[in-house]
Amino acid sequence: MRLGAVLVCLFLVACGGEVMPPLVATDIVITQPMPGRQMSAGYISLTNNTNAAISITQVVSPDFEAVEMHESLLEDGIAKMRRIEKLTIPANSSISLERGGKHLMLMRPTGALQTVSLNFYSGDTLLLNINVPVSRGSN
Ligand SMILES: [Cu+2]
């Protein structure tokens, strides 16, 4: 009966009229630029609260001259990364950009990095804007 009560509560919360944003970013880490290189990496979890897949096709930041979406891969035992054109988050699911996997590559900072603003687009549509402090560690 205990489980039944919990399920009822969840159902009430879900139907409580609170509208969830379609796309939510959590666990955001923007690294300090690697020593001697004008590049930071961005790690983030993205949750799609809608019933349709969301595809991010571009990420733009006023704090960097260029932002690319990358994925890491092993080729003949050598770690490499390549650019990906879009990042798809399936309906009602989350994806994680993390070390050794998909990530954001933030190139050529336009000033001293303290807080980074990131805008996620699908085509011309702005899906999400976040502002996050840069982490203190170098990775
Ligand atoms: Cu990269």
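The values are calculated or read from the model by the stated rules, or taken from the named source; none is laboratory data. Here the structure is a predicted model, which means the values were calculated and not measured. Each accessible area value is taken on the protein alone, full model and side chains, heavy atoms only, with ligands, DNA and RNA left out. Shrake-Rupley method; radii C 1.70, N 1.55, O 1.52, S 1.80 Å.
In the context of the full protein assembly, Glu98 retains an accessible surface of approximately 100 Å², using a probe radius of 1.4 Å and ignoring ligands and nucleic acids. A 1.4 Å probe over all protein chains sorts Met34, Met81, Met107, Met20 by accessible area into Met20, Met81, Met34, Met107, starting with the largest. Of interest is the spacing of the C-alpha centroids, which for segment 15-68 and segment 91-114 amounts to 6 Å.
Note on exposure: Tyr43, Tyr121 ranked by accessible area (1.4 Å probe, complete protein assembly) read Tyr121, Tyr43, with the most exposed listed first.
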